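Some notes on the structure that comes next.
Laboratory data are not the source of any read-out in this text; all were calculated from the coordinates shown. A quick note: this is a predicted structure, and the numbers were derived from the prediction, not measured. A quick note on method: Cβ atoms are made from the backbone with ideal geometry, for glycine too, and the neighbour counts reach across all protein chains shown.
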Amino acid sequence: MADNADHIDGDDNEDVRAQQNLIKIKLKSSEGGIYECGLTAAKMSDLVKNMVESLGTDAVVTTEPIILGNEAVTDAALKKIIEWVEFHWDDPPVDHDFEDEKDRRNEELSHWDKQFIDVDDQALLFDVIAAANYMDIKGLVEVGAKHICSKIRGKSCQEVREMLKITNDFTAEEEDAIHKENAWIYAKD
Amino acid sequence: MELRKMSSDGQNPLHIYKETLIPLLEENGFEVISSSEDICDHNRYITRHRFVRQTPLRPDYWQKNECPVVEVVGIPMGHHFLIIHAIVCHSAEDCVKIKIKTKEDIVCIRRKLMDEFVVKLIELLSISINDLPLELKFKILSLLPIESLFKMSSVSSLWRAITLDDQLWRILVRQHFPVFYSRGLNGEDWKSVYKEAFRNRKLLERRKSWASRGLPSSLIFPALPPSPPLLPIMGPPFLPMLPPPPPFFRDLVPEEVRNAFPNIHRPNPMSRPFMFGNPDLI
């Protein structure tokens, strides 16, 4: 255990990462549920990573679970998040360089991610996204945002409202005015 | 009581409320915290129950650190209808209402209660896309094609306000038109920058498509505005070609310098160049 702790700081060596992922740490949801997660996987969350680095692995592993106090981190959301990080922990690190960002934006989600994020319960979906945002897991936030986008794309206003359960609070006149204001996007010159 | 006796025609409204609705709510995570006796309100029987539901919840409830109390009221209208109201306490706008025809088959009634009442009530209490933090809303909008973004701007006033936020347009300009982004703001807002960049791109695309058919764009678009900046200016404006270098170095020295030091660069008629075998020295 102490041996692992020596490697804790930013060692990207694959073997070390794999070995560290055998260490299980406990994460506690805002509802009180405690779930185990591999250390390397859990560290995909910048929040957990900072926590582990400031507490030291030994403390984290052997004693109390890390408490994720934000209410978006429900039991169900945390289970989903752990499922995601446990699948993705050995992904190559993402370069957040701007040049790549355009490509990343247009990149389709992998088949696994699509299946993972396509949940029937919308509240769970938004909890997962909000929780991933709180835990600072950029990759998962991206997956969630892209999934919502793929659902919005190509739909009419009314279809979007129905899908996302948004109440239309505009009068017909107001809606017309907005359409006119936005007309430049369809203009021919 | 009296109503129960008169329920020969279809379901008894109170029976529907108690035997169908309440169990349905309980199956879906609602817990009864109180119920009041049927109250005789002139000739109507009203029954009310208070519920709480633990999870999942909307963020505004997290902040208050409380569970919303939902009051469900069943009002039989004669023997043929049952009206059910659910009001989320302390929030008058949050209510769900349904009218049930008691004549219908109990299976249909149950399905209707589930789809049009319980599900809506759960949605009312649950986190929705509106509750995501602003940065996530920006993130979602910035990943959308611009046409879909405009659709989002007219779904509701909340989303309209978000799509008018210039911070979003800044992100959009940065992602869609990095060259324009690097020029920065010039007294305008980012939305105007986006508009300009968007128009330019469209114009360029059309010119390209005409050019690919071998047609000079000037023939096709004789009435184009005189000179919209087709390409953003990156550095100083392009300088005209310099004239070829002058033959004499002195010509490069500015006039004033030459006048101040008249003897520096002009051949001085009084001094002769050093020559091996200077005739004066001989």
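Using alpha carbons only, how many angstrom separate the centre of segment A:162-188 from the centre of segment A:28-91? Going from one Cα centre to the other spans 42 Å.
Taking the square roots of 5 times each eigenvalue of the Cα gyration tensor of segment B:132-209, largest first, gives ellipsoid semi-axes of 23, 15, 11 Å.
Neighbour counts of other Cβ atoms within 10 Å put B:D166, A:D120, A:D169 in the fewest-to-most order A:D120, A:D169, B:D166.
For B:K151, a cut-off of 21 angstrom between C-alpha atoms picks up these lysines, skipping any fewer than 8 places away in its own chain: A:K146, A:K151, A:K155, A:K165, A:K180, A:K188, B:K137, B:K139, B:K191, B:K195, B:K202. Taking a ≥ b ≥ c as the square roots of the eigenvalues of the Cα gyration tensor of segment A:139-184, is the shape rounded (a/c under 1.5), prolate (a/b larger than b/c) or oblate? Since a/c reaches 1.5 and a/b is larger than b/c, the shape of segment A:139-184 is classed as prolate. Counting beta carbons within 10 Å around each of B:L14, A:L140, B:L158, A:L22 and listing the fewest first gives the order A:L22, B:L158, B:L14, A:L140.
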